[in-house]
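Presented below is the structure to which this report refers.
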Amino acid sequence: MAEPGQNLAVVVHRAGDLRLENRPIPEPGPNEVLLRMHSVGICGSDVHYWQHGRIGDFVVKDPMVLGHEASGTVAKVGSGVTHLKPGDRVAIEPGVPREIDEFCKTGRYNLSPTIFFCATPPDNGNLCRYYKHSASYCYKLPDNVTFEEGALIEPLSVGIHACKRAGVTLGSKVFVSGSGPIGLVNVLVAKMMGAAAVVITDLSASRLQKAKEVGADFTIQVKNETPQEVASKVEGLLGCMPEITVECTGVQACIQAGIYATRSGGTLVLVGLGPDMVTVPIVNAAVREVDIRGIFRYCNTWPVAIALLASKRINVKPLVTHRFPLEKALEAFETTKRGEGVKVMLKCDPSDHNP
């Protein structure tokens with residue numbers, strides 16, 4: 001165990017105020033484990049809380065530890081924990097239901113209104129040296145899955161959940177809008193689930209290059225086309241309109257393009273979150289029976305993701321472009337804010353900076 005006072009944490013106090021500070025090392029409850037954190041990815045939402053102090057109705061009122069894409073090693077187990085032991089390497093599912101409500105009973109626990117979720121106010125995240133978490137939401141990593149892959153299960157889960165909600169299947173033609181980390185995991189998962197062709201759009205040429213690396217068949221660098229023009233480019237490249245569109249930007253024009261692009265009878269899944277109110281051609285969608293679905297995080301995805309990573313059926317390693325030690329977290333956040341690279345990974349264990 002570390003000396004007291006060696007639990008360095010990345011804490012947002014209010015908009016624009018991000019600090020590195022020491023926190024006490026927590027004591028795990030009966031059904032919890034104390035983890036020595038290893039790798040934690042920075043998500044756009046972490047940056048947003050730092051920059052704006054809120055996301056929608058979730059407002060930072062008290063200092064909050066950031067981070068929710070994470071893996072680590074079990075340091076200590078609570079008295080009731082039987083499936084994990086000290087030394088086990090685990091990936092952390094950040095959303096833990098606080099009560100077994102109707103949503104939990106139907107298997108959609110992500111929709112439980114009282115769920116605990118790392119780094120969503122007022123719940124602290126795990127971008128720190130030591131962190132305690134519900135043992136049932138820590139998943140043991142096989143020896144051939146790295147800590148960084150374990151941390152990437154969180155964004156990967158968004159892709160798994162979105163592609164399931166979209167109904168991607170053998171031979172699907174898919175349009176992914178936005179080539180950030182979430183767009184990229186949707187490309188990976190769609191291809192894995194049998195998509196015959198995936199086209200992806202973005203403003204950035206370098207991000208589209210990364211999309212090609214992870215398996216996108218076609219890329220479109222958007223400049224100042226109208227939504228209808230983007231839709232017709234998508235159709236031109238695929239040779240038909242896609243049955244499925246996965247919108248990962250939350251930008252109004254992109255949602256509009258998503259509706260225009262999707263084949264009649266197809267499905268548009270909205271993953272990216274933008275402003276509360278957006279103007280969209282809803283009648284166009286309605287008369288063509290385009291189903292518009294939302295997603296909220298994910299559920300029941302960690303076992304699936306671990307199986308895919310362990311069997312080498314999916315490769316998320318190219319997503320990590322930058323690594324920083326925890327002490328340089330502020331620099332890492334600045335890097336993410338500037339939009340450099342794809343996924344920035346923080347290394348929380350001073351004795352082990354390996355992937």
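Each value in this text was obtained by applying a stated rule to the coordinates, not by laboratory testing. Values in this document were obtained by computation on a predicted structure and should not be read as measured data. Glycine also receives a Cβ, built like all others from the backbone with ideal geometry; neighbour counts cover every protein chain displayed.
Points to keep in mind about this one:
- Distance (nanometres) between label positions extended 7 Å along Cα→Cβ at Q209 and N31: 4.9
- Pairwise centroid distance, computed over Cα atoms, of the stretch 226-254 with the stretch 277-355, Å: 21
- Note on C240 and Q228: the model spin-label points, each 7 Å out from Cα along the C-beta direction, lie 2.5 nm apart.
- Per-residue HN-Hα couplings for the stretch 68-74 [Karplus 6.51, -1.76, 1.60; θ = phi - 60°; Hz; x = Gly/Pro]: 8, 10, 8, 9, x, 10, 5
- Lysines with Cα under 17 Å of K85, excluding same-chain neighbours fewer than 8 positions away: K76, K132, K140
- Against the set (i) 22.1, 77; (ii) 20.2, 64; (iii) 19.2, 63, the structure's computed Rg and Dmax of the Cα atoms in Å falls on (ii).
- Signed unit charges on C-beta, dipole axis of the chain, positive-most listed residue V234, N144, H38: N144
- Calculated FRET efficiency, N22 to E331, Cβ-Cβ distance, R0 = 22 Å: about 0.70 to the nearest 0.05.
- At R0 = 25 Å, FRET efficiency that the Cβ-Cβ distance of T321 and H13 yields, to 0.05: 0.30
- Peptides 176-183, 62-69, 25-32, 240-247 ordered by packing proxy, namely the average of other Cβ atoms within 10 Å per residue, highest first: 176-183, 240-247, 62-69, 25-32.
- Hits among aspartates and glutamates - C-alpha to C-alpha of K210 under 20 Å, sequence gap 8 or more where chains match: E148, E149, E154, D202, E247, E340
- By the rule of a C-alpha distance below 21 Å, with chain neighbours fewer than 8 residues away ignored, the lysines paired with K164 are K105, K173, K191, K312.
- Placing unit charges on the Cβ atoms only, positive for Lys and Arg and negative for Asp and Glu, gives the chain a dipole magnitude near 480 debye about its Cα centre.
- Of all DSSP bridge pairs formed entirely within the chain, close to 60 percent run antiparallel.
- For the stretch 258-268, 3J(HN,Hα) per residue [Karplus equation, 6.51 cos²θ - 1.76 cosθ + 1.60, θ = phi - 60°, Hz, x = Gly/Pro]: x, 5, 4, 6, 6, 4, 4, x, x, 10, 10
- The slack between S264 and A286, meaning 0.36 nm per residue of separation minus the straight C-alpha distance, is 7.0 nm.
- Span from the the stretch 45-66 Cα centroid across to the the stretch 73-138 one, whole angstrom: 20
- Sequence-ordered 3J(HN,Hα) estimates for the stretch 201-211 from the Karplus curve with 6.51, -1.76 and 1.60 and θ = phi - 60° stand at 10, 6, 7, 9, 5, 5, 5, 5, 4, 4, 4 Hz, glycine and proline given as x.
- Gain on full stretching of the segment that runs from H48 to E102 - 0.36 nm per residue minus C-alpha separation: 16.3 nm
- Taking the charge dipole of the stretch 159-294 about its Cα centre, with +1 at Lys and Arg Cβ atoms and -1 at Asp and Glu Cβ atoms, the residue from V271, A253, I292 reaching farthest to the positive side is V271.
- Taking amide H atoms as placed 1.01 Å from N in the peptide plane, the amide H of I25 lies under 5 Å from those of G5, each 5 or more residues away in sequence or on another chain.
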